[in-house]
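*Asks:* Quick one: structure below, then a few questions.
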């Protein structure tokens with residue numbers, strides 16, 4: 001995916017800072033990213049067999065985006081492709097970076113769980129935000145999917161078919 005003119009700040013006539021951008025800027029500012037990464041670094045692989053792992057800073061940010069916006073692993077992958085604000089926050093560039101896929105995101109969470117780091121990571125963030133009198137509530141964005149459903153039909157007696165109710 002290449003960057004388009006609309007994504008480049010120099011081509012925008014007027015930019016309204018969204019609530020998402022404001023929130024992410026605040027989190028980027030107040031969360032002690034280096035301290036969180038230090039919790040995970042001893043367990044994070046330095047090199048993969050097939051391809052180089054993502055920078056730890058990217059994966060930590062992607063991991064925290066999930067509860068903040070209520071994203072599942074597949075939805076997080078989609079959101080990174082879809083949202084320039086999320087990509088910027090995570091440190092990804094759509095024109096140059098590959099995006100973590102849902103399996104990579106899942107494997108990172110499993111790594112944190114296996115080394116019992118996931119809970120301490122979230123507690124660290126919650127504690128820090130509480131110290132600064134900030135509250136983060138889990139997001140309410142839901143995955144939407146359309147699927148075809150059979151239409152309600154009537155039987156020969158012109159009564160609604162009970163199987164379709």
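The values are calculated or read from the model by the stated rules, or taken from the named source; none is laboratory data. Owing to the predicted nature of the structure, the values given are computational and were not obtained by experimental measurement. For neighbour counting, all protein chains shown are included, and Cβ atoms are generated from backbone atoms with ideal geometry for every residue, glycine included.
*Asks:* Kindly list the number of the only condition in (1) at pLDDT 90 or above; (2) surrounded by 11 or more Cβ atoms within 10 Å (Cβ to Cβ) that fails for residue 23.
*Replies:* The failed condition is (1).
*Asks:* Residues in region 82-102: is at least one farther than 23 Å from residue 26 by Cα, in contact with a helix residue (DSSP H, G or I) (Cβ under 9 Å, 6 or more places away or on another chain) and assigned to a helix (DSSP H, G or I)?
*Replies:* yes
*Asks:* Another question, if that's okay. Answer yes or no as to whether residue 102 is modelled with pLDDT of 95 or more, surrounded by fewer than 17 Cβ atoms within 10 Å (Cβ to Cβ), over 30 Å from residue 131 (Cα atoms) and out of contact with any strand residue (DSSP E or B) (no Cβ under 6 Å at 6 or more places or on another chain).
*Replies:* yes
*Asks:* Further question on the same structure: Among the candidates 53, 67, which residue alone is out of contact with any strand residue (DSSP E or B) (no Cβ under 6 Å at 6 or more places or on another chain), assigned to a helix (DSSP H, G or I) and at pLDDT below 90?
*Replies:* 67
*Asks:* State all residues of region 103-123 that are in contact with a helix residue (DSSP H, G or I) (Cβ under 7 Å, 6 or more places away or on another chain) and under 19 Å from residue 33 (Cβ atoms); if no residue qualifies, say none.
*Replies:* 105, 108, 109, 111, 112, 115, 117, 118, 120, 121
*Asks:* Would you please name the residue that is nearest to the chain's Cα centre (by Cα), looking only at residues in region 35-50 that are surrounded by fewer than 18 Cβ atoms within 10 Å (Cβ to Cβ) and assigned to a helix (DSSP H, G or I)?
*Replies:* This residue is 37.
*Asks:* I've got another one for you. Please determine, by comparing only the residues of region 105-132 that are at pLDDT 85 or above and not in a helix (DSSP H, G or I), which one is surrounded by the most Cβ atoms within 10 Å (Cβ to Cβ).
*Replies:* The selected residue is 117.
*Asks:* Out of all the residues in region 73-81, is one or more under 24 Å from residue 20 (Cα atoms), within 12 Å of the chain's Cα centre (by Cα), at pLDDT below 95 and surrounded by fewer than 20 Cβ atoms within 10 Å (Cβ to Cβ)?
*Replies:* Yes, the conditions are met somewhere in region 73-81.
*Asks:* Tell me, please, whether a residue that is at pLDDT below 90, surrounded by 11 or more Cβ atoms within 10 Å (Cβ to Cβ), farther than 26 Å from residue 128 by Cα and touching a helix residue (DSSP H, G or I) at 6+ places or on another chain (Cβ under 6 Å) can be found in region 3-16.
*Replies:* Yes, some residue in region 3-16 is at pLDDT below 90, surrounded by 11 or more Cβ atoms within 10 Å (Cβ to Cβ), farther than 26 Å from residue 128 by Cα and touching a helix residue (DSSP H, G or I) at 6+ places or on another chain (Cβ under 6 Å).
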